[in-house]
Amino acid sequence: MTERTIVRTYSTDFPLDENPVSEDGMWLNGKLDAIDFTDCITSNGLIHGAPSRMNVLEKRSEQGNLGDEDEAPLGDYDDPTAILSGAWGPNQHAWATAHVENPTEEWFQEVQIRLRSTVKPHSITGYEIFFRCLKGELGYAEIVRWNGAVGDWTSLQRHQGPEFGVGHGDVIEASIEGNVITGYINGVEKITVTDDTWTAGAPGVGFNFGVGDTYADHGLSSFRVETYD
């Protein structure tokens, strides 16, 4: 095995109550820093999304609430986003513990890990690896590339079924090595894809915008990341 040099690490169990999350300037946020997206909040040892605009609700054919599979997805997609500030190694591996209360089929509650992400006004780029907070046939895992402007994203890989959803206490995990992006639940690989678009950026977390008033019912109780050269 090739020896890797650790560039930077970070670990938190979100001990502060902050809106938006900062942890002494460690985090950049979707609304505060990128303007068009939504911030993340920490409270009671959790990080979760703030309420989004929700002007246009999420509709996607593969999620069963949009008709023909050729129809383009609908929605604001101003996902609550928090990305670590500063420089990080390009190869990244992150872990987070899911907190799930009152899972529902009505809304698409998701817990997300972001990798190689860049936040600036009116733009978030990078990769998002995420899992629905629902067990059973309607669970899913997906890897998405964010291209910049709000709502501008590309789905790279998606799987649906009972093995792809998460519940309370499950550990979600995501890595990017070179151009290979992989997602795990409780240490078991669930989804992987290759993409060459983004070669640098920072890790972070996020949540889906389209969750009604349930944004505080799901979140993350811990986050840890290691990055390498």
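The table that follows gives values for the structure above.
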| read-out | value |
| --- | --- |
| Top-ranked residue in region 204-216 [being in contact with an Asp or Glu (Cβ under 9 Å, 6 or more places away or on another chain) and not in a loop (DSSP other than H, G, I, E, B); ranked as surrounded by the fewest Cβ atoms within 10 Å (Cβ to Cβ)] | Ala216 |
| Residue in region 167-200 that is surrounded by the fewest Cβ atoms within 10 Å (Cβ to Cβ), counting only those that are touching a His at 6+ places or on another chain (Cβ under 9 Å) and of a type in the set (Val, Ile, Thr) | Ile191 |
| Matching residues, region 7-21, being more than 17 Å from the chain's Cα centre (by Cα) and assigned to a loop (DSSP other than H, G, I, E, B) | Pro15, Leu16, Asp17, Asn19 |
| Selection status of Arg132, in contact (Cβ under 8 Å) with a residue 40 or more places away in the chain and either under 23 Å from Leu84 (Cα atoms) or touching a helix residue (DSSP H, G or I) at 6+ places or on another chain (Cβ under 9 Å) (or both) | no |
| Where a residue in region 152-175 is closer than 20 Å to Ile124 by Cβ and at pLDDT 95 or above and its partner, wherever it lies, is part of a loop (DSSP other than H, G, I, E, B) and not polar (S, T, N, Q), with Cβ under 8 Å and at least six apart | Leu156/Asp195; Ile172/Val166 |
| Filter result (farther than 15 Å from Ala202 by Cα, open to solvent by 20 Å² or more (accessible area, probe 1.4 Å) and not hydrophobic (A, V, I, L, M, F, W, C)) within region 1-21 | Thr2, Glu3, Arg4, Thr5, Asp13, Pro15, Asp17, Glu18, Asn19, Pro20 |
| Arg4, sole failed condition from (1) in contact with a helix residue (DSSP H, G or I) (Cβ under 7 Å, 6 or more places away or on another chain); (2) of a type outside the set (A, V, I, L, M); (3) at pLDDT below 95 | (1) |
| Top-ranked residue in region 23-49 [being open to solvent by less than 70 Å² (accessible area, probe 1.4 Å) and over 22 Å from Arg116 (Cβ atoms); ranked as nearest to the chain's Cα centre (by Cα)] | His48 |
| Single residue of region 217-229 satisfying the filter (surrounded by fewer than 24 Cβ atoms within 10 Å (Cβ to Cβ) and hydroxyl-bearing (Ser, Thr, Tyr)) that is nearest to His168 (Cα to Cα) | Ser221 |
| Residues of region 100-120 that turn out to be open to solvent by 30 Å² or more (accessible area, probe 1.4 Å) and within 12 Å of His168 (Cα to Cα), as a count | 3 |
| Selected residue (criterion: most open to solvent (accessible area, probe 1.4 Å)) from residues of region 87-99 that are farther than 24 Å from Val150 by Cβ and outside any strand (DSSP E or B) | Ala87 |
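Condition check ((1) more than 13 Å from the chain's Cα centre (by Cα); (2) among the small types (Gly, Ala, Ser); (3) assigned to a helix (DSSP H, G or I)) across all residues:
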site	(1), (2), (3)
Leu134	yes, no, no
Leu138	yes, no, no
Trp146	no, no, no
Ala174	no, yes, no
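The values are calculated or read from the model by the stated rules, or taken from the named source; none is laboratory data. Quick caveat: nothing in here was measured; it's all calculated off a predicted structure. Don't worry about glycine lacking a Cβ; one is built from the backbone with ideal geometry, like all the others, and counts go over all protein chains shown. Surface accessibility is based on the protein's heavy atoms, side chains included, excluding ligands, DNA and RNA. Shrake-Rupley method; radii C 1.70, N 1.55, O 1.52, S 1.80 Å.
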